[in-house]
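Q: Attaching a single structure in structure tokens format; questions to follow.
The values are calculated or read from the model by the stated rules, or taken from the named source; none is laboratory data. Worth saying up front: this structure is predicted, and the values here are computed from it rather than measured. Quick reminder, even Gly has a Cβ in these numbers, built from the backbone with ideal geometry, and neighbours come from all protein chains shown. Side chains are part of the model used for accessible areas, which takes the heavy atoms of the whole protein and leaves out ligands, DNA and RNA. Shrake-Rupley method; radii C 1.70, N 1.55, O 1.52, S 1.80 Å.
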Amino acid sequence: MFLSNSSLFSVVKAQVKFKINAYNGLIYSLIILQVLGILLGGNAGSSGTSINSTTISLNTSTNDVSFILVSLLAISVGNLLTTKAYRYDDFSFVATRLSSNIANFIVLFIFSCFAGVTTYFSGYVMRLILHFKSTSEFVDSSSIFNNPSSFLLTIVAIITMLWLFSSIGYIAGILFQMHKLFFFGAVVIVVMLLMTGTWIRISESIFVENGSLLILIMKVIIITILLLATSTAISNRLGVRT
Amino acid sequence: MNVIDCQKVSKDFRRTNALEDITFQLTEQKITGLIGRNGAGKTTLLKILAGLTKHRSGEVNVFGKSPYNNLMVSENSILVDDQMTFPDSLTLEEVLQSAPAFYKRWDTEFASRLFQYFKLNPKQQHSKLSKGAKATFNMIFGLSTRCELTMFDEPTNGMDEAVRSDFYRALLKDYIAHPRSILISSHHLAEIEQLLEDILLIHKGRVVLHQSLDEVKEYAVAVQGLIADVERWTVGEEIIHSKRIDDQRLYVVVKNNSKLERARIEGASIQTLAASEVCMYVTSETKGGIDDVFK
Amino acid sequence: MSVTSIALLVGLLPLIIGVGIVLYLVKKVNFKSKFRLNKFIIIIYFSLLIACGVIYEIIPKETNVEKLSGEELIQLQTENNSFQKSLLKLEDNKLNQKFLKEEWTHEIKGNTLSLEYNGNDPYSTGVVVEWMDTTDQKIEGKVYRTNINVYGLNLDQKLPLHNMEWTGNQLVIHEFSAQELTFDHFSNRLYSLNQILHDEEIRMVRGQTYIHLKVPKHIEIVDSLGLQMY
């Protein structure tokens, strides 16, 4: 009897490759949302004031609309990977719940990277369009070249935020798959936290009291890993083909 | 080394017991038929063996390891059933192409030849296949993995007659070329009888028989004759099944042992049974059968 | 339940609805159709975006308005504050001369000087009077304007100065006629992330026009609008 014996690492690697190949249709949704973001986000923020008798308005174009849309996509993709159809597919091949969870996290991270970079650069499409279209004066904005660290940090922040959102979708999906009651229980707890203001305090300490983007990124990564580890722990009893 | 070793395995769904105290061992390189009636617990047992669901109590070992969440077991075993799914975003061709990354002994050549023989469309999606084509594809997938433990759960459901017999031939030929442990479940023993070496008969979640095919055939015999004669011959015998053929004659299936010599001397007609008949009678609920319903 | 939590819930509703819609769309796209993107399309899309970034960064851009950082704005604000303080203390020598815009002298007849303002925003202007120990009729005036910066944009050059006009013994301050300035700005930073980061910086430095008048003691000032600062 010959038994092959692969390491967890090599199985996860094969699963990641397979999933990236199988799920890359999701990028279709991503492109649609980014195009939508460009169309809607032409003038993301406009602030106006009047000094003496002059009205001054500053239209700030950012990637926020794309970012928010893609965040929603991240939540739903995280959730999608936990649905039966996607979980069962893994077990037609070699998989354990652990390997399949790890592979999902890596896939979510890779998709977050792609989505983050493209979301960031989709802003430049908007810039080019406005540059040729708009008649108003342009304000110097920091370019990639004169402020590379801010450029990199922003991209990394977008990526980690997207990963966080997808992991939120993932854990919600796992709870829902375990038992619908768990899911609604979790929703009730979240709503209760919202009402009591505990949530505000928690989120303040997590998101607000940050000196820099870098600290925010670190915190987000830690929260994401915690969420994903929790999902792995609770999904360990989920049956397949039941 | 035993490929499968089950000790007192139980599993329940809500209040009904699906498996109760299942104990058996499977030695390597045999084709074993997992036989049982509908709802006997065949599928549940196979899912536990494949590590897809968890049993409640007892001990399950596949290749010496508990199969639930074990990578080595997952790598060396496969369960082919009609609930197998593959991503819709991949074509059948691509599914087959992704397999070698997972199964070290995947036979690409074999897979594509079977694929062509059964005239499947490489550009189609798995979920769009008809029931029979899906079963055929799953079978091709399962055979090509060359897994040390290959399990089929009702593999021929939905296949037409020609494909069925092709499948059995393919299975047998591939088994001879690459011996491994194969477990096929079916509620239709007669059809797979010629493949099997061993039979594992389960009924109502319990193991009833686990013997070689020949032993199963000799497990019971049928005696037929006038009611009085038959009743006299079978006194003290373990009667598995009896039925009235007409007003005077009785047909009784008894466990095969030497006491029947007297009947033989008196010229009773003693018939040997096919394995499928043995299984059917052993697992029948009543001594009478369907005829009793019409009395 | 407090008002803020209700507001939060209401604010979350569109988000939840949005999630629902996207969820539905994603499911539709994935299960019901054969969409699987060609690697080419992904590569083309990706390189198109990067190309846009590169093109934007390298094309020549006409003279852009400089945007100052929060720290620089704070500095401007301190300059303004210390200017006003020194001016009110009449410490001539401490006044930042870069704010000096105009200087003139005017002889008036009679003993009254009236201040008038022609415009909508008289608070933009302050008149500081320094009494001189002379008996002549000469009034010395200096016009200053401190830093004006809105959203980090330096508007000193863009906003015209107030116009001073003497008619007899009346000083009329004319505000420039109404106009509109629109600027476009691209930010690499995400508003939603920076909200989270909570970096509250001052966003406006509202400079003022100061008129420093040296007026002989015997002249009475009529200031119906309250333009004088003390």
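Q: If you go through the range B:23-45 one residue at a time, how many are part of a strand (DSSP E or B) and either more than 29 Å from B:LEU171 (Cα to Cα) or polar (S, T, N, Q) (or both)?
A: In the first step, residues of the range B:23-45 are kept if they are part of a strand (DSSP E or B); the result is B:23-27, B:31-35.
Still in the list and also either more than 29 Å from B:LEU171 (Cα to Cα) or polar (S, T, N, Q) (or both): B:23, B:25, B:27, B:32.
Number of matching residues: 4.
Q: Given the range C:1-91, what helices (runs of 4 or more DSSP H) lie entirely inside it while holding 3 or more residues that are at pLDDT 80 or above and within 11 Å of chain A (Cβ to nearest Cβ)?
A: Values: elements: C:3-32, C:39-58, C:70-88.
The helices (runs of 4 or more DSSP H) meeting that bar are C:39-58.
Q: To continue, here is another question. Is at least one residue of the range C:115-128 over 14 Å from C:ARG206 (Cβ atoms) and β-branched (Val, Ile, Thr)?
A: yes
Q: Tally up the residues in the range B:134-144 that are of a type in the set (A, V, I, L, M) and open to solvent by 20 Å² or more (accessible area, probe 1.4 Å), please.
A: Just the residues of the range B:134-144 that are of a type in the set (A, V, I, L, M), to begin with: B:135, B:139-140, B:143.
So of that shortlist, the ones also open to solvent by 20 Å² or more (accessible area, probe 1.4 Å) come out as none.
Counting residues in the range B:134-144 that are of a type in the set (A, V, I, L, M) and open to solvent by 20 Å² or more (accessible area, probe 1.4 Å) gives 0.
Results for (1) open to solvent by less than 10 Å² (accessible area, probe 1.4 Å); (2) at pLDDT 90 or above; (3) touching a strand residue (DSSP E or B) at 6+ places or on another chain (Cβ under 7 Å), shown as yes or no for each residue.
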{"position": "B:ARG146", "(1), (2), (3)": "no, yes, no"}
{"position": "B:THR150", "(1), (2), (3)": "yes, yes, yes"}
{"position": "B:THR156", "(1), (2), (3)": "no, no, no"}
{"position": "B:ARG169", "(1), (2), (3)": "no, yes, no"}
{"position": "B:ALA177", "(1), (2), (3)": "no, yes, no"}
{"position": "B:LEU183", "(1), (2), (3)": "yes, yes, yes"}
{"position": "B:ILE192", "(1), (2), (3)": "yes, no, yes"}
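Q: So, one more: For the range A:67-95, give me each residue that is in contact (Cβ under 8 Å) with a residue 24 or more places away in the chain, within 8 Å of another protein chain (Cβ to nearest Cβ) and outside any helix (DSSP H, G or I).
A: Residues satisfying the conditions are A:PHE93, A:VAL94, A:ALA95.
Q: Out of all the residues in the range A:80-89, is one or more among the β-branched types (Val, Ile, Thr) and under 21 Å from the mean Cα position of the chain (by Cα)? Walk me through it before giving the result.
A: Initial filter on the range A:80-89 (among the β-branched types (Val, Ile, Thr)): A:82-83.
Imposing the further condition that a residue be under 21 Å from the mean Cα position of the chain (by Cα) reduces the set to A:82-83.
Yes.
Q: Still on this model: Residue under question is B:GLU59, and the condition is that it be open to solvent by 30 Å² or more (accessible area, probe 1.4 Å) and either assigned to a strand (DSSP E or B) or modelled with pLDDT of 90 or more (or both); does it hold? Steps first, please.
A: On the way: open to solvent by 30 Å² or more (accessible area, probe 1.4 Å): yes; either assigned to a strand (DSSP E or B) or modelled with pLDDT of 90 or more (or both): yes.
Yes, satisfied.
Q: Kindly indicate whether any position in the range A:100-112 is facing another protein chain (nearest Cβ under 8 Å), within 16 Å of the chain's Cα centre (by Cα) and not in a loop (DSSP other than H, G, I, E, B).
A: Step one: filter the range A:100-112 for residues facing another protein chain (nearest Cβ under 8 Å), giving none.
The answer is no, given that none of the residues of the range A:100-112 is facing another protein chain (nearest Cβ under 8 Å), within 16 Å of the chain's Cα centre (by Cα) and not in a loop (DSSP other than H, G, I, E, B).
Q: Does the range B:74-90 hold any residues that are more than 29 Å from the chain's Cα centre (by Cα) and either at the interface with chain A (Cβ under 7 Å from one of its Cβ atoms) or at pLDDT 90 or above (or both), and which are they? Step through it out loud before you land on a result.
A: Of all residues in the range B:74-90, those more than 29 Å from the chain's Cα centre (by Cα) come to B:88-90.
Listed by number, the residues that qualify are B:SER89, B:LEU90.
Q: Right, another one. Where residues in the range A:136-148 are farther than 27 Å from A:ILE221 by Cβ and either within 9 Å of another protein chain (Cβ to nearest Cβ) or of a type in the set (A, V, I, L, M, F, W, C) (or both), which of them is least open to solvent (accessible area, probe 1.4 Å)?
A: For the range A:136-148, the residue satisfying everything is A:VAL139.
Q: What residue, of A:PHE151, A:PHE114, is in contact (Cβ under 8 Å) with a residue 40 or more places away in the chain, touching a Phe, Trp or Tyr at 6+ places or on another chain (Cβ under 9 Å) and either acidic (Asp, Glu) or open to solvent by 10 Å² or more (accessible area, probe 1.4 Å) (or both)? If you could, list the steps in order and put the result at the bottom.
A: Values: A:PHE151 fails: in contact (Cβ under 8 Å) with a residue 40 or more places away in the chain.
Among A:PHE151, A:PHE114, only A:PHE114 is in contact (Cβ under 8 Å) with a residue 40 or more places away in the chain, touching a Phe, Trp or Tyr at 6+ places or on another chain (Cβ under 9 Å) and either acidic (Asp, Glu) or open to solvent by 10 Å² or more (accessible area, probe 1.4 Å) (or both).
Q: What about A:LEU128, is it at the interface with chain C (Cβ under 8 Å from one of its Cβ atoms) and open to solvent by less than 20 Å² (accessible area, probe 1.4 Å)? Reasoning before the result, please.
A: Details: at the interface with chain C (Cβ under 8 Å from one of its Cβ atoms): yes; open to solvent by less than 20 Å² (accessible area, probe 1.4 Å): no.
For A:LEU128, the condition - at the interface with chain C (Cβ under 8 Å from one of its Cβ atoms) and open to solvent by less than 20 Å² (accessible area, probe 1.4 Å) - is not met.
Q: For the subset of the range B:91-113 comprising residues that are among the hydrophobic types (A, V, I, L, M, F, W, C) and open to solvent by 20 Å² or more (accessible area, probe 1.4 Å), which member is nearest to the other protein chains (Cβ to nearest Cβ)? Reasoning before the result, please.
A: Start the filter on the range B:91-113 by keeping residues that are among the hydrophobic types (A, V, I, L, M, F, W, C), which leaves B:92, B:95-96, B:99, B:101-102, B:106, B:110-111.
So of that shortlist, the ones also open to solvent by 20 Å² or more (accessible area, probe 1.4 Å) come out as B:96, B:101, B:106, B:110.
Values: B:LEU96: 12, B:ALA101: 4, B:TRP106: 10, B:PHE110: 17 Å.
Among residues in the range B:91-113 that are among the hydrophobic types (A, V, I, L, M, F, W, C) and open to solvent by 20 Å² or more (accessible area, probe 1.4 Å), the one nearest to the other protein chains (Cβ to nearest Cβ) is B:ALA101.
Q: Restricting to the range C:144-161, and then to whatever is closer than 27 Å to C:ILE108 by Cα and touching a Leu at 6+ places or on another chain (Cβ under 7 Å), can you tell me which residue is nearest to the other protein chains (Cβ to nearest Cβ)?
A: Filtering the range C:144-161 for residues that are closer than 27 Å to C:ILE108 by Cα and touching a Leu at 6+ places or on another chain (Cβ under 7 Å), the one nearest to the other protein chains (Cβ to nearest Cβ) comes out as C:ARG145.
Q: For a quick check of your reading of the model, give me the residue pairs whose first member lies in the range A:25-44 and is over 30 Å from C:THR182 (Cβ atoms) and surrounded by fewer than 23 Cβ atoms within 10 Å (Cβ to Cβ), whose second is modelled with pLDDT under 80 and of a type in the set (Ser, Thr, Tyr), with beta-carbon atoms closer than 9 Å and at least 6 apart or on different chains.
A: A:GLY25/C:SER33
Q: Under the condition of being in a strand (DSSP E or B) and either open to solvent by 60 Å² or more (accessible area, probe 1.4 Å) or of a type in the set (Phe, Trp, Tyr) (or both), which residue from the range B:3-22 is farthest from B:GLY64 (Cα to Cα)?
A: If we filter the range B:3-22 for residues that are in a strand (DSSP E or B), which is where we start, we get B:3-13, B:16-22.
Now narrow it down to the ones that are either open to solvent by 60 Å² or more (accessible area, probe 1.4 Å) or of a type in the set (Phe, Trp, Tyr) (or both): B:7-8, B:13, B:16-17, B:21.
Details: B:GLN7: 12, B:LYS8: 16, B:PHE13: 26, B:THR16: 29, B:ASN17: 26, B:ASP21: 19 Å.
Here the answer is B:THR16.
Q: Residue by residue through the range B:80-101, note down the ones that are part of a loop (DSSP other than H, G, I, E, B) and either within 24 Å of A:TYR28 (Cβ to Cβ) or touching a His at 6+ places or on another chain (Cβ under 6 Å) (or both).
A: First, the residues of the range B:80-101 that are part of a loop (DSSP other than H, G, I, E, B): B:81-90.
Within the range B:80-101, B:THR85, B:PHE86, B:PRO87, B:ASP88, B:SER89, B:LEU90 qualify.
Q: Can you list residue pairs whose Cβ atoms sit under 6 Å apart, with the first residue in the range C:157-180 being under 18 Å from C:TRP104 (Cα atoms) and the second being in a loop (DSSP other than H, G, I, E, B) and among the β-branched types (Val, Ile, Thr)? Count only pairs 6 or more apart in sequence or on different chains.
A: From residues that are under 18 Å from C:TRP104 (Cα atoms), the pairs are C:ASN169/C:ILE108.
Q: Same structure, new question: Among the numbered conditions (1) touching a strand residue (DSSP E or B) at 6+ places or on another chain (Cβ under 9 Å); (2) surrounded by fewer than 19 Cβ atoms within 10 Å (Cβ to Cβ); (3) outside the structural domain of B:GLY158 (by TED's automatic domain parsing), tell me where B:ARG206 comes up short.
A: Unmet for B:ARG206, out of (1) touching a strand residue (DSSP E or B) at 6+ places or on another chain (Cβ under 9 Å); (2) surrounded by fewer than 19 Cβ atoms within 10 Å (Cβ to Cβ); (3) outside the structural domain of B:GLY158 (by TED's automatic domain parsing): (3).
Q: Go through (1) modelled with pLDDT of 75 or more; (2) not in a helix (DSSP H, G or I) one by one and return the number of the condition A:ASN210 breaks.
A: (1)
Q: When the residues of the range B:45-55 are narrowed to those that are open to solvent by 10 Å² or more (accessible area, probe 1.4 Å) and at pLDDT 90 or above, which ends up nearest to the chain's Cα centre (by Cα)?
A: B:LYS47
Q: Looking only at residues in the range A:3-20 that are facing another protein chain (nearest Cβ under 7 Å) and either in a loop (DSSP other than H, G, I, E, B) or exposed (fewer than 14 other Cβ atoms within 10 Å of the Cβ) (or both), which one is farthest from the chain's Cα centre (by Cα)? Give the steps one after another, and end with the answer.
A: To start, the set of residues in the range A:3-20 that are facing another protein chain (nearest Cβ under 7 Å) comprises A:3-6, A:8, A:11, A:14, A:17-18.
Checking which are either in a loop (DSSP other than H, G, I, E, B) or exposed (fewer than 14 other Cβ atoms within 10 Å of the Cβ) (or both) leaves us with A:3-6, A:8.
On the way: A:LEU3: 40, A:SER4: 37, A:ASN5: 35, A:SER6: 31, A:LEU8: 26 Å.
Checking each candidate, the answer is A:LEU3.
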